[in-house]
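Written below as structure tokens is the structure these notes are about.
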Amino acid sequence: MTLYVVRRIGAGILLLLALSMLVFFLLRLAPGDPLSSYIDPMVSMTEQDMERLRQSLGLDQPLPFQYIYWLGETITGDLGRSLQRNGQPVSELLMASIGPSMLLMLSGSLLAILFGIVIGIVGAVRRDGPADVILAALSSVGVSSPAFLTALVGLYVFSGVLHWAPAGGMQEPGMPFTLSGLLSHLALPALILAFGQTALIARYMRSSLLEVLHQDFIRTARAKGVPRRKVILKHAVRNALLPVVTLIGSTLGLAVGGAIFIESVFNWPGMGLMMVTAVEARDYPLIMGGTLAVGAWVILANILTDVAYAFIDPRIKVG
Amino acid sequence: MKLTAIMAAALTAGIAFGGMTQFAAAQDAPTRLVGGFDVGPGGFPNNVNPLLATTGYMALTLAYEPLVIYDEKIEKVVGRLADSFEISPDGLTYTFKLAADAKWHDGEPFTSKDVAFTLNLAKDTASGSVYVARLSTIAEIATPDDQTVVLTLSQPNSSLLDTLTKVMMLPEHRLAGIAPDTLARNDYWITDPVGTGAFRFKQYSPNQYIEYEAFADYRRGKPKIDQLVNRYFKTPAAAVAALKAGEIAVSYVEADDIKNFQTDSAFRVIEGNSQVVNYLGFNFAAKIWDDVRVRKAVMYAIDRETIIEQLYNGKATAANCGYSAARLVPDGLETYAYDPDKARALLEEAGWGEINGDKPISVLTYYNNDQANNVMAAMQAMLAQVGINIAPRTVDMAGYNATIYAKPIDPSQFQIVYAGLTNGPNPGNLNIGLNAAQIPPNGSNYTRVDIPAVSEAFDTAMKQTTPEGMDKAYSDVCKAMNENLPWATLWETKRYGVESAKLKNLNWQPAPGGGPYEMHPELWELETN
Amino acid sequence: MATTPISHPRAKSPARRALGRFGSKPGAMIGLAVFASLLLLMLVHPLVSGIGPNTIDLRAINQGPSASHWLGTDGVGRDVFARLLEGGRISLLVAVTSSVASLVIGFLIGAVAGLGGRIADAIAMRSVDVAMTLPPVILLLVLASITGPGIGPTILVISLLSWPVLSRLVRSRLLELGQRDFVVASRGMGAGLGHLIWRHALPNSIDILVVFATLQVASAILLEAGLSFLGLGVPPPDASWGNMLFAARSTTVLTNYPWQWMFPGLALVVVVLAINFIGDGLRDAFDPRSEGA
């Protein structure tokens, strides 16, 4: 088991390296001089100063050398400085925005998993009943509605028309931190983030449970006279949950995509909002750092899922 | 009977106690004002360094003060940290008498040494200062005593007082130890900066807010507001939502959103002239605008009258040069009335097909609101009709500055800018964007305008020492701009602010760049209910 | 593709049976009907309507739905209906072109991985792993920041992003297939990789390809809309559903002029739903397991 975990982590690190290479070379294709990523536009510099800087940064070297230099800096925690935002170090900006993003994504995913499992069970048990049909229709709409559209509609209805939710942000600015303040700002974006993913998990849970319900041991249990309710809750759901666990990893990964839109509609101070502004301003060091952080997050989520799955399902060969 | 008495006593005591605690609460609860002071075109969110300020002066004057400042009506310059000032008749000597009781937030006295230090720093390109070129006529700074500063100029400068309203005084005792070239992004600005203003810096959260507390020893009286928060918004629309929700008490508001507040007695709407001319600035470094016929074609292609009438509801005035004040606009200017046929003919003559043809032209702007987006869409459609295809890109102020001042400059990123520049109260404000002497790194002529007729007109105007001479000289600038079109000048609009009816004494004005003007932050009050 | 003779002797009748099964699915048929009628409307409208999608009319801005403008006008007086249909054409153009491109890339990489031996397989699958590590939107942002906005770059960005799933599907199908005698036989007879891909991999993956292509059009529409919504996809004045929704990022448009964003939003959801129904129908139709049900 330990060996398995170590190997998964090793593979994850390799993947992250490959990703950093991909993003590094991609961003070098971007128009403009990479040197400008290292210069504060507000500080005056002569041509000679710039040439000297170019040499000291190794920007006159061939690309693979530049990558190795950059990687060294990155590993030691120096991701460069943002081109805008007062030239703050990228690592600081990332640290400040990871927390809010995690909060939004984890609470959204948690809600999605809870709702999804419940809806999936109801759908499978009352197969083709009115509840199933309505849930199926809702989940189809959920899958087909992009996060920014549900976010807009949610903002329009709950904040613009009903005034139930604040217009955006994470808490009252400058006010001492209160849990209720945070929760009231979190509720709407987290629910909207959950909306799209609930559908996916519900579909998966429903079909997984249906499959289990057709298996022999369930039929046997039923034949032995175990009540239907008990069979479903005790035997079927537990078995059906197994494949759903694999989905949790990809849910956390998918949450990143949805969170970008939701953060930018709700002005939530997370990674997504930061990435979008960075792309608008072509702030390459920040784009690079943000991409790596998101990649690490997704890889980590996948490793955790695999490990959890290996723990839960003894049939998986480990090692 | 006894029981009733006890109960009555308990009840009375309870009420008294409750009342007292309530009273105590009213005494103790600090008054807290949250506002959007950096919203809209006059704002510069996240700028914490006064030397880098191109706008955002309203927020800066909460904690900092300049030597002199515009009065409440933004008409004339009066003393602030200077109790009084004198200008010699030849316009070459400026003498400032400083307020004797001014103190920094850390308790140190404010003296003439600080003034000399600040001005030298603001004249030093290494500090990243945006005032270098504007202060370049100061040849000598003398400090005969702690309360006196004498500036000697190399030549008269009719804009110097205006510039000095924008230079916030900085503490020598805190900054002298920091090398100027590391100062621009130093952590000092976001950890413990001190000023002399009514409010003292408390904390800064990037993209969220900056928080201040009352400076108890403020020389004009302890502020009535205990805590002040300047909240940042990604768009003015987000600020409008916060204003409506009661989250903030004052903000700049787009003209489109005004109707939502006009009928609501909980708010006051303030309207005023923006004193900012909007323009399409041709980036001469892009090498496609050298022919004046092409620039004229852009003017003829845009139906400014209809845009003003429909998209601005008439709340704007067309500008045929950088000014629209009657005293500065001479007779006989070309009005560039909408004429797409003439535009096409001019482009044909100039050989536009060879110069650029239908390749998309990048337009950079920091105007990020519906109205600006719609105006941009209208101009895009109008220019497309004559064969000029523009591709607009909207970024925030920081992104805008990062692009226009990028080193090395990449003109393909902004072949045109859609921007605005302050043309008042002092008309010399346009000099920094149009005079060849102000091409970066010296100043902010980032579209690299180098038209001798325009630069010479500005140089003459800057040397004037009388108001009449200035008006005459700036109307010559207007004429030169109208003929040579360093910019396609568009219009000057009205601007709006909205404040909560509970707010007292906050004299919000649509000042260009947010000020600086006399706002008396120490007198602001917030009614509680 | 349709004219390629299918070598597998049993291929013809399952395909026909699949079609029959597809026809008996009400969801899929409704999806097809909705999609076809919208497509027809998009194609016919510019021929019969006098109002162009980019014609501004500053004297008729922000008007609600009326007889002259069925879905109202936007902030510069452009007809929302005309723009909605133009947006549909552009969204579909982007979606279909990028789906075809990712279909080709995904199929070829999957086929090479499945048939080309261990080394090719390892290289192809590791690159799939890398491409699948990043959430699509992030990679989309990175690519868009490099290419800048534009219809061409948007197509490129979406194509480069969407192939890995297909590669995996094709590869696992072919690995199953690789055991089969006739592939071994063809290899033994000296058939090249190209021949194997063309004569065996393609016909045997055709069901995967059809289903993928259909569902990919839907997800490409969503990706394009998302990118344009962030201002990084199709640039104005060209209309797309995403950049029409972009306008709703302002509270004024969101609350005062709902017709400017609700209709494109609705169109987006309806079309994506319809395509997803068609795709689900196709998948069920091709899945032999659903035969008995």
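The values are calculated or read from the model by the stated rules, or taken from the named source; none is laboratory data. What you see is a predicted model; the values in this text were computed from it and never measured. Positions of Cβ are backbone-derived with ideal geometry, glycine not excepted, and every protein chain shown enters the neighbour counts. With ligands, DNA and RNA removed, areas are computed over all heavy atoms of the protein, side chains included. Shrake-Rupley method; radii C 1.70, N 1.55, O 1.52, S 1.80 Å.
Each row is one residue, and each column tells you yes or no for (1) of a type in the set (Lys, Arg); (2) within 12 Å of another protein chain (Cβ to nearest Cβ); (3) crowded, with 23+ Cβ neighbours inside 10 Å; (4) more than 20 Å from B:Phe233 (Cβ to Cβ).
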{"residue": "A:Leu273", "(1), (2), (3), (4)": "no, yes, yes, no"}
{"residue": "A:Val276", "(1), (2), (3), (4)": "no, yes, no, no"}
{"residue": "A:Asp283", "(1), (2), (3), (4)": "no, yes, yes, no"}
{"residue": "A:Gly289", "(1), (2), (3), (4)": "no, yes, yes, yes"}
{"residue": "A:Val294", "(1), (2), (3), (4)": "no, yes, yes, yes"}
{"residue": "A:Trp297", "(1), (2), (3), (4)": "no, yes, no, yes"}
{"residue": "A:Leu300", "(1), (2), (3), (4)": "no, yes, no, yes"}
{"residue": "A:Leu304", "(1), (2), (3), (4)": "no, no, no, yes"}
{"residue": "A:Ala308", "(1), (2), (3), (4)": "no, no, no, yes"}
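One line per residue, one yes/no per condition, for (1) closer than 16 Å to B:Leu170 by Cβ; (2) at pLDDT 95 or above; (3) within 14 Å of another protein chain (Cβ to nearest Cβ):
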{"site": "B:Glu75", "(1), (2), (3)": "no, no, no"}
{"site": "B:Pro89", "(1), (2), (3)": "no, no, no"}
{"site": "B:Leu98", "(1), (2), (3)": "yes, yes, no"}
{"site": "B:Phe110", "(1), (2), (3)": "yes, yes, no"}
{"site": "B:Asp114", "(1), (2), (3)": "yes, yes, no"}
{"site": "B:Leu119", "(1), (2), (3)": "yes, yes, no"}
{"site": "B:Thr125", "(1), (2), (3)": "no, no, yes"}
{"site": "B:Gly128", "(1), (2), (3)": "yes, no, yes"}
{"site": "B:Ala142", "(1), (2), (3)": "no, yes, no"}
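Residues to consider are B:Asn435, B:Asn442, B:Asn426, B:Asn431; find the one that is polar (S, T, N, Q), out of contact with any strand residue (DSSP E or B) (no Cβ under 7 Å at 6 or more places or on another chain) and within 14 Å of chain A (Cβ to nearest Cβ). Step by step, each of B:Asn435, B:Asn442, B:Asn426, B:Asn431 is checked, and only B:Asn442 is polar (S, T, N, Q), out of contact with any strand residue (DSSP E or B) (no Cβ under 7 Å at 6 or more places or on another chain) and within 14 Å of chain A (Cβ to nearest Cβ).
Does any residue of region A:242-251 turn out to be at pLDDT 80 or above, open to solvent by 10 Å² or more (accessible area, probe 1.4 Å) and either over 24 Å from A:Arg28 (Cα atoms) or in the same structural domain as A:Ile9 (by TED's automatic domain parsing) (or both)? Among the residues of region A:242-251, not one is at pLDDT 80 or above, open to solvent by 10 Å² or more (accessible area, probe 1.4 Å) and either over 24 Å from A:Arg28 (Cα atoms) or in the same structural domain as A:Ile9 (by TED's automatic domain parsing) (or both), which makes the answer no. Among the conditions (1) in contact with a Pro (Cβ under 9 Å, 6 or more places away or on another chain); (2) within 14 Å of chain B (Cβ to nearest Cβ); (3) of a type outside the set (Asp, Glu), C:Gly152 misses just one, which is (1).
So, in region C:109-149, how many residues would count as being touching a residue at least 60 places away in the same chain (Cβ under 8 Å), within 8 Å of another protein chain (Cβ to nearest Cβ) and not in a helix (DSSP H, G or I)? Final tally of qualifying residues: 1.
I'd like to check something: does region C:177-195 contain any residue that is within 26 Å of C:Val270 (Cβ to Cβ) and either at pLDDT 85 or above or open to solvent by 40 Å² or more (accessible area, probe 1.4 Å) (or both)? No, the conditions are met nowhere in region C:177-195. Among the residues making up region B:474-529, a single one is aliphatic (A, V, I, L, M), farther than 29 Å from B:Asp264 by Cβ and in a loop (DSSP other than H, G, I, E, B): B:Leu485.
Across region C:38-69, what is the number of residues that are assigned to a helix (DSSP H, G or I), open to solvent by less than 70 Å² (accessible area, probe 1.4 Å) and either without any contact (Cβ under 8 Å) to a residue 12 or more places away in the chain or over 28 Å from A:Ser144 (Cβ atoms) (or both)? Matching residues across region C:38-69 total 1. Residues that are at pLDDT below 95, within 14 Å of chain A (Cβ to nearest Cβ), over 30 Å from B:Gln385 (Cβ atoms) and open to solvent by less than 10 Å² (accessible area, probe 1.4 Å) occur at least once in region B:256-267.
Can you tell me which residue is nearest to B:Lys472 (Cα to Cα) among those in region B:417-455 that are part of a strand (DSSP E or B) and at pLDDT 90 or above? Per the stated criteria, the residue is B:Leu421. Assess whether B:Thr148 counts as being surrounded by fewer than 19 Cβ atoms within 10 Å (Cβ to Cβ), β-branched (Val, Ile, Thr) and under 23 Å from B:Ile432 (Cα atoms). Spelling it out, it is not the case that B:Thr148 is surrounded by fewer than 19 Cβ atoms within 10 Å (Cβ to Cβ), β-branched (Val, Ile, Thr) and under 23 Å from B:Ile432 (Cα atoms).
Would you confirm whether any residue within region A:111-127 is outside any helix (DSSP H, G or I) and more than 14 Å from chain B (Cβ to nearest Cβ)? Yes, region A:111-127 has at least one match. Within region A:259-268, the residues that satisfy the criterion of being part of a helix (DSSP H, G or I) and either more than 8 Å from chain C (Cβ to nearest Cβ) or touching a Ser or Thr at 6+ places or on another chain (Cβ under 6 Å) (or both) are A:Ala259, A:Ile262, A:Glu263, A:Phe266.
For B:Ala461, the conditions (1) open to solvent by less than 20 Å² (accessible area, probe 1.4 Å); (2) not assigned by the TED database to the domain that holds B:Met379; (3) not aromatic (Phe, Trp, Tyr) are fulfilled apart from (2).
Can you tell me which residue within region B:385-411, out of those that are over 26 Å from the mean Cα position of the chain (by Cα) and at the interface with another protein chain (Cβ under 7 Å from one of its Cβ atoms), is most open to solvent (accessible area, probe 1.4 Å)? Looking at the filtered set, the residue picked out is B:Pro408. Here A:Leu254 fulfils each of the conditions (1) crowded, with 21+ Cβ neighbours inside 10 Å; (2) at pLDDT 80 or above apart from (2). Scanning region B:269-306 for residues that are assigned to a helix (DSSP H, G or I), in contact with a strand residue (DSSP E or B) (Cβ under 8 Å, 6 or more places away or on another chain) and surrounded by 22 or more Cβ atoms within 10 Å (Cβ to Cβ) gives B:Val298, B:Met299, B:Arg304. Could you grab the pairs with beta carbons closer than 6 Å, sequence gap of 6+ or different chains, first residue in region B:206-226 and farther than 29 Å from A:Ser82 by Cα and more than 11 Å from every other protein chain (Cβ to nearest Cβ), second one surrounded by fewer than 18 Cβ atoms within 10 Å (Cβ to Cβ) and acidic (Asp, Glu)? What qualifies is B:Ala214/B:Asp226; B:Arg219/B:Asp101; B:Lys224/B:Glu525.
Only residues that are within 14 Å of the chain's Cα centre (by Cα), of a type in the set (A, V, I, L, M, F, W, C) and open to solvent by less than 10 Å² (accessible area, probe 1.4 Å) were counted in region A:257-271, giving 3.
Among the residues examined, C:Phe277 qualifies as open to solvent by 50 Å² or more (accessible area, probe 1.4 Å), facing chain A (nearest Cβ under 9 Å) and closer than 30 Å to C:Ile109 by Cα. Screening region B:160-178 for residues that are open to solvent by 10 Å² or more (accessible area, probe 1.4 Å) and either in contact (Cβ under 8 Å) with a residue 24 or more places away in the chain or more than 19 Å from B:Pro50 (Cβ to Cβ) (or both) and picking the one that is farthest from the other protein chains (Cβ to nearest Cβ) gives B:Leu161. Condition first: within 21 Å of C:Val272 (Cα to Cα), hydrophobic (A, V, I, L, M, F, W, C) and within 14 Å of chain B (Cβ to nearest Cβ). Now tell me which residues in region C:58-88 satisfy that. Matches in region C:58-88: C:Val80, C:Ala82.
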